[in-house]
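Below is one structure, written out as C-alpha cells; the observations come after it.
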C-alpha cells in the first residue's frame, strides 16, 4: 500500500470518527427532508400509506407525491427506525461509493490514480456529514455510481447482462429521486432506437420507462394528476421563480410573490389540482417574462452547484444555519451587507469551504484528463456531472 493511499484511508477514518462523535456531543441537526423520509418509511411499514407526513395532522396533499418510495422502503421493509442503525446504513453507502469508485478506475485502467482518488474522496467531508441524516442523496449516488460502472463495463465487454444491470439500476434510481426522470427517458429512448435499427429486441431499455409509468399512475390515482412528484412544482415556484423575482425587483417583492393565496397548502384533491395548475402557470409566466435574466441565474446556479462543496451540509452539521433568509436570494437581490454579515459569523468555516471548493473543482477538471484513452467514457462521466448541476438550477441543489 502506497503512502498516499494510506494517508487517504487515515483521513477518511479520522473524518468518519469526527462525523459520528460530533452529533453525539453537540446534538444532531434535524432536517425537514429527514422527517419526511422518516414519516414515509413509518407510514409504509405500519399503514401501507404512501404519505411523507404525519397522517394525524392536517393533510398536505403535496406530501403524497413529494418523496418516491424507493429509499424509505429500504427501512419500512425491516421496520428499521433506530437512528444509530440508520446512520450505520448511511455510512455503509459512503464506503460503497469509495469501493465503486476504485473499481471503476481499475476498469478504466487507471489504477495509478487510485491513491489520489482516495485522498480526494476522504477530503470530501460533506459526504460523511450527509451520512448522519436520513436522506436519499447517498442512496442515489450509490445506485448511479454502480450503474455507471456497469455501463462502462458493457462498453468494454459488450456483455448483455451488464447493460441489463445498468437499466435495472437506472429504473431503481428514479424510484429514489425524481431528478432521474429525464435520464431514464433519455437512455431508454437512445437504446430502444439503437436496438431497433439492428432489429433486436431488448427488455432492459424498457425498464426505466415502466418504472416512470408506475410512479405516474400511482400519483394519478392519489392526486388525480399525472406527474412524477410535487417537488418539481415546489422547486419551480417556491424557489426558482421566487429567486428571479428577488433578482429583478428585490427581496420584499419576492416575499410578496409567495404570499399570494395560490401558494396556500392544498389539503384535498381538488385544491391540489388547482394549486399545481396555478403555480406552474404563474412560475412559467414569471420565468418567460424575464427569460434572459433567468438563464443567467440558472447558469450561475449550475456554477454554484459545481464548486459548492456543500455549504448547507457544513453549516447544518455544525449548527451554523441560523439565517432565516436565503443567502442566494440575498446575493441576487443585492443585499450584500446582510450577506457578508452572515458569512463573517464563522470565518474559519468560510476558509474550510474555500479549500473544499478548490477540491471540488480539481475533481471535476480531472475528468478531462483521466480518460483520454476513450472519449466516450470521458464524456459520459462529464455528462453525469453536468446533468446533475444542470437540473440543480438556480438554487444549486436538487
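Just so you know, all these numbers are worked out from the coordinates, no wet-lab data involved. What you see is a predicted model; the values in this text were computed from it and never measured. Counting neighbours? That spans all protein chains shown, and the Cβs are built from the backbone with ideal geometry, glycine included.
Here are some notes:
- Calculated on the Cα set of region 1-148, radius of gyration then Dmax: 17.8, 58 Å.
- Tensor-based shape of the chain (alpha-carbon gyration tensor, a/c under 1.5 rounded, otherwise prolate or oblate): rounded
- Stretchable slack from residue 249 to residue 222, in nm (0.36 nm times residue separation minus alpha-carbon distance): 5.9 nm
- Peptides 233-244, 86-97 ordered by packing proxy, namely the average of other Cβ atoms within 10 Å per residue, highest first: 233-244, 86-97.
- Efficiency of FRET from Cβ geometry, residue 319 and residue 20, R₀ 22 Å, rounded to 0.05: 0.85
- log10 of Debye I(q)/I(0), alpha-carbon scatterers only, for region 214-289 at 0.20 Å⁻¹: -0.84
- Order by protection proxy (mean Cβ within 10 Å, highest first), peptides 348-354, 207-213: 207-213, 348-354
- Kirkwood-Stokes translational diffusion coefficient of region 134-278, alpha-carbon pairs, 10 °C, 1.306 mPa s, µm²/s: 90 µm²/s
- Inter-label distance, residue 103 to residue 213: 3.1 nm, where each label sits 7 Å from its Cα along the C-beta direction.
- Cα gyration tensor shape of region 204-335, rounded if a/c is under 1.5, else prolate or oblate by comparing a/b with b/c: prolate
- Cα shape, region 185-245, gyration tensor, a/c 1.5 rule: oblate
- Choice from 190, 102, 59 showing the highest fluctuation, given a GNM over the chain with Cα pairs closer than 10 Å: 190
- Cα pair distances of region 106-178 binned at 10 Å [whole percent]: 18, 36, 36, 10
- Residue 89 paired with residue 349, simple spin-label distance in nm, labels 7 Å along Cα-to-beta-carbon: 2.9 nm
- For region 136-208, the spread of Cα positions along each principal axis, largest first, Å: 38, 23, 14
- Expressed in Å, the radius of gyration and Dmax of the Cα atoms of region 266-385 are 19.4, 56.
- R0 of 30 Å, Cβ-Cβ distance residue 358-residue 293: FRET efficiency to nearest 0.05: 0.50
- FRET efficiency, 1/(1 + (r/R0)^6) with R0 51 Å, evaluated for residue 74 and residue 201 via beta carbons: 0.95
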